[in-house]
Amino acid sequence: MNPPLTVVLTLKGRYLHTLRWLIYANKISLPYHIIIADGEVNPSINRLLSTQSNFPNISYRYIKSEDIDISAFYAKWANAIRMVNTPYVMMSDNDDFLLPSGIDKAIDLLNSSPEYICSGGRVPGFSLKGDSSSPWHNVTGKIKSWSYRYAPNYLYECRNFDNNLCYQRVLEQLNKPLSVHYCIYRTNALQKITSELEQHSPSFLFCELYTMIRTMSLGKVHNNPRFLTYLRQQDSSSKLGYSDDLLDSIINSSLALDFNRMVRTVAKESGEHDNIDPELLMEKFYAAYLQQLRVLLANRLLRYRFIRLYKLKLLSLKIKQKVTSLLSIFHNESDSQIILKRLHKDGATKISVDTQLLELERVASTIEDGKFESYIEENAPELISQ
């Protein structure tokens, strides 16, 4: 039986991370077809991927393009999703890892519940120790820490959006956003979303927001806290098409126009589904998002105007992390074991927890056992200096 899921791996740079992702997928015989959409082709990556025998345990298609700007990125993404011919699809970045046992459980939910258009589980995080001057920095080495959620805020707090009214789900998402980018989607839903992003080509600052609220307007969303589906690496994200400084992004982009297009599209379809005037919904969506924007601006103001207060806030977070780490040492538990204990507390079975522990151990061995460095030194030594 053919797997019902396709993984779309979008690339731009970070060549060592790309090979780490592929070696892990090959190591565990990832059971899903992969579409690799590369927006910055490296000759070494192209050479290795052009020979299927280099990764014999996975099924993939390699698509090459050039992300010269944000419009090109959206076109690449939408084109890759259009190529998917399985019922379900999920996105991946090359610095992260897939956890198949959890993904299969999310697929089971979609199979049994047609009212949901996407499903996921917990998204934990990990960070690496290392020397920033080393070519292997943030690629291999000892794992410094694991975290139960990739980020401690509500973006990665598992919860469902079950309201029958589209506009209510959209408002819930605007008031308390949930990251859905790494969920398992019904393919036709993500095709619709990415086609609209390709058409409007908004600032990258709005890419994830549009995906989040458009998802809510298309159907219900399920996130199960009992299993892990996706593991994100911390402190390794690339900056594509946006500035760290929000004010710089506001001044040097078409944010207002992008937001108007986004809200109008979502309000129109939500209004048609819920039999409510779209203009009224636009007012509601505007008000909800403006409140979020006020919080965002206040946080950025703290960072750039009240630097000492911002550093104090960071220090308090670091102290909290240190206390958690010391407590785990005192109880003779690793961070990964604490994650799995939390899963069990949330209702996961022992078999499920044991399976996910094995998956986390396979990720750790890929990063820590030195075989990856040996593979690169033998097959693509030129990448070490890039």
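Quick note: the coordinates plus some simple rules give every number you see, no bench work behind them. Keep in mind it's a predicted model, so treat the numbers as computed, not measured. With ideal geometry, Cβ positions are generated from the backbone for all residues, glycine too; neighbour counts draw on all protein chains shown.
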*First measure r as the distance between the Cβ atoms of Glu208 and Ser113, then evaluate 1/(1 + (r/R0)^6) with R0 = 22 Å and state the FRET efficiency to the nearest 0.05.*
0.35
*Quickly rank 5-13, 136-144 as a protection proxy: mean count of other C-beta atoms within 10 Å, highest first.*
5-13, 136-144
*From phi via Karplus (6.51, -1.76, 1.60), per-residue ³J(HN,Hα) for the stretch 143-150 in Hz, x at Gly/Pro*: 6, 7, 7, 10, 10, 4, 10, 3
*Pairs to check: Lys105/Lys341; Lys27/Lys129; Lys27/Lys144; Lys76/Lys144; Lys192/Lys345. Give those whose C-alpha atoms are more than 26 Å from each other in this structure.*
Lys76/Lys144; Lys192/Lys345
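Relative contact order of the stretch 36-83, please, whole-number percent, based on alpha carbon pairs below 8 angstrom and at least 6 residues apart. All intermediate terms of the calculation are to be shown ahead of the outcome.
Numbers: 38 pairs, mean separation 23.5, N = 48.
Reported as a whole number, the value is 49 percent.
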*If we count other beta carbons within 10 Å of each Cβ, what is the order of Tyr154, Tyr32, fewest first?*
Tyr154, Tyr32
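As a footprinting exposure proxy, order Phe204, Phe372 by other Cβ within 10 Å, with the fewest listed first.
Numbers: Phe204 18, Phe372 21.
Least crowded to most crowded, the residues run Phe204, Phe372.
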*Most exposed first by the Cβ proxy, i.e. fewest other Cβ within 10 Å, how do Arg232, Arg261 rank?*
Arg261, Arg232
_If amide hydrogens are placed 1.01 Å from N in the peptide plane, which non-local residues have theirs closer than 5 Å to the one on Ile35?_
Val7, Val8, Leu9, Arg61
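Stretched out fully, how many nm does the piece from Tyr154 to Asn275 gain, at 0.36 nm a residue minus the Cα gap? Provide the component values of the computation, followed by the final result.
Values: separation 121, 0.36 × 121 = 43.56 nm, distance 3.05 nm.
Length difference between fully extended and current span is 40.5 nm.
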